[in-house]
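Peer 1: Pasting in a structure now, in structure tokens, and then I'll have a few things to ask.
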Amino acid sequence: MRQPLIAGNWKMHKTAAEGQALAQAIRQGLQTDQVEVVLCPPFTALSAVHAVLHGSSIRLGAQNMHWEDAGAFTGEISPVMLKEWCRYVILGHSERRQHFHEDDEMIRRKVAAALRHGLTPILCVGETLAQREAGETGAVVAAQTRRALEGLTPEQAMGVVIAYEPVWAIGTGRAATGADAEEVIRRWIRGTLAEHFGVEVAQRVRVLYGGSVTPENIAEFVCRPSIDGALVGGASLRAESFLGIIHETA
Ligand code: PEP
């Protein structure tokens, strides 16, 4: 019922020319239509990657945005600007929470603004190592999910993709276990969705795992009933490894 989704977060990597070459290689090597594929390059490569993806089923996403449509916000990009290029936008990534002090209220505004403009948010939630060790994983993930979606109708909530990304697993080579990710997603993400928006929303929303995903470990996650794919950082920067992840998921 839920189509698998593999999204690549290129972070602050790839010039427009490099992004174009990577997108071309991914487009050429893609051998399945079972999995929805989303590429999230930096803003400066969106236009070039958009041109490469024209006429293909691969979707484009951004990595962040402001919640206002326009205004005196030097250096920011608005949903109105993004929707010319993108269908998706990553919001609340832990690197934005950590390095740019994004809090739950800012992320809530961004999620609402994205939906208002027809963009699909890929909302990232996840606990730090200290929170995990203190036994706070469930409470942190449930609160981040609830706060980011506050004020949405069930129909709007249904239009969000959620990525469970334990902060200690991002870029560390130390992925969560499939069983652990499944438990957090089933109990604390889908559970929170059910509590606030109803069981149908909890069953319909796609939830991804993110954190050191590779072609070698992706099967461990996508075989789980609550996990619908992955948000991939490092391994999305090479066509071979990103395609490996997609084809293992199909
Ligand atoms: C990410 O940036 O969202 C991510 C999961 O990174 P990595 O796959 O490199 O851990």
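All of the numbers you see were taken from the coordinates with simple rules; none came from a lab. Since the model is a prediction, treat every value here as computed from it, not as a measurement. Because the Cβ atoms are built from the backbone with ideal geometry, glycine has one as well, and the counts that use them run over all protein chains shown.
Peer 1: I'd like the residue in segment 114-137 that is touching a residue at least 40 places away in the same chain (Cβ under 8 Å) and aliphatic (A, V, I, L, M) and, out of all such residues, is surrounded by the fewest Cβ atoms within 10 Å (Cβ to Cβ).
Peer 2: The qualifying residue surrounded by the fewest Cβ atoms within 10 Å (Cβ to Cβ) is Leu115.
Peer 1: Go through the residues of segment 168-178 one by one and say whether even a single one is over 22 Å from Ile218 (Cα atoms) and polar (S, T, N, Q). Quick ask: steps written out before the conclusion?
Peer 2: Kept after step one, since they are over 22 Å from Ile218 (Cα atoms), are these residues of segment 168-178: none.
So far as segment 168-178 goes, no, none of its residues is over 22 Å from Ile218 (Cα atoms) and polar (S, T, N, Q).
Peer 1: Looking at (1) part of a helix (DSSP H, G or I); (2) within 17 Å of Ile122 (Cβ to Cβ); (3) within 16 Å of the ligand (Cβ to nearest atom), find the lone condition where Leu193 falls short.
Peer 2: (3)
Peer 1: Name every residue in segment 196-228 that is β-branched (Val, Ile, Thr) and either buried (at least 18 other Cβ atoms within 10 Å of the Cβ) or within 15 Å of the ligand (Cβ to nearest atom) (or both), in order of residue number.
Peer 2: Going residue by residue through segment 196-228, those that are β-branched (Val, Ile, Thr) are 199, 201, 205, 207, 213-214, 218, 222, 227.
Selection gives Val201, Val205, Val207, Val213, Thr214, Ile218, Val222, Ile227.
Peer 1: Return the total of residues in segment 229-246 being within 16 Å of His13 (Cα to Cα), out of contact with any Ser or Thr (no Cβ under 9 Å at 6 or more places or on another chain) and more than 10 Å from the ligand (Cβ to nearest atom).
Peer 2: The qualifying residues number 2.
Peer 1: For Gly75, state whether it is in contact (Cβ under 8 Å) with a residue 40 or more places away in the chain and small (Gly, Ala, Ser). Spell out how you get there, then give the answer.
Peer 2: Numbers: in contact (Cβ under 8 Å) with a residue 40 or more places away in the chain: no; small (Gly, Ala, Ser): yes.
Here the answer is no, as Gly75 does not meet what is asked.
Peer 1: Could I ask something else about it? Cβ-Cβ distance below 7 Å, separation of 6 or more or different chains: which pairs start in segment 224-250 with a residue that is farther than 16 Å from Gln24 by Cβ and end on one that is of a type in the set (Asp, Glu) and within 14 Å of the ligand (Cβ to nearest atom)?
Peer 2: Leu231/Glu165
Peer 1: Could you look through segment 159-188, keep only residues that are more than 16 Å from the ligand (Cβ to nearest atom) and under 16 Å from Leu91 (Cα atoms), and pick out the one that is surrounded by the most Cβ atoms within 10 Å (Cβ to Cβ)? Write out each step before concluding.
Peer 2: Looking only at segment 159-188, we keep the residues that are more than 16 Å from the ligand (Cβ to nearest atom), and these are 159-160, 179, 182-183, 186-188.
Narrowing the set further to residues that are under 16 Å from Leu91 (Cα atoms) leaves 159-160.
Working: Gly159: 18, Val160: 24.
Going through the qualifying residues, I end up with Val160.
Peer 1: While we're looking at this one, here's another question. Among what's in segment 143-154 and is among the hydrophobic types (A, V, I, L, M, F, W, C) and in a helix (DSSP H, G or I), pick the residue that is surrounded by the fewest Cβ atoms within 10 Å (Cβ to Cβ). Working first, answer last.
Peer 2: Of all residues in segment 143-154, those among the hydrophobic types (A, V, I, L, M, F, W, C) come to 143, 148-149, 152.
Still in the list and also in a helix (DSSP H, G or I): 143, 148-149.
Working: Ala143: 15, Ala148: 25, Leu149: 25.
The residue in question is Ala143.
Peer 1: Return the residue satisfying two criteria in turn: it lies in segment 196-226 and is assigned to a loop (DSSP other than H, G, I, E, B) and of a type in the set (Gly, Ala, Ser), and of such residues it is farthest from the chain's Cα centre (by Cα). I'd like the intermediate steps shown before the answer.
Peer 2: Residues of segment 196-226 assigned to a loop (DSSP other than H, G, I, E, B): 198, 205, 211-217, 223-226.
Pick out the ones that are also of a type in the set (Gly, Ala, Ser) and you get 198, 211-212, 226.
Working: Gly198: 22, Gly211: 11, Ser212: 14, Ser226: 15 Å.
Only one residue tops the list, namely Gly198.
Peer 1: From the list Val184, Val140, Val111, which residue is free of Cβ contacts under 8 Å to residues at least 40 places away in the same chain and assigned to a helix (DSSP H, G or I)?
Peer 2: On the way: Val184 fails: free of Cβ contacts under 8 Å to residues at least 40 places away in the same chain; Val111 fails: free of Cβ contacts under 8 Å to residues at least 40 places away in the same chain.
One residue alone meets the criteria, Val140.
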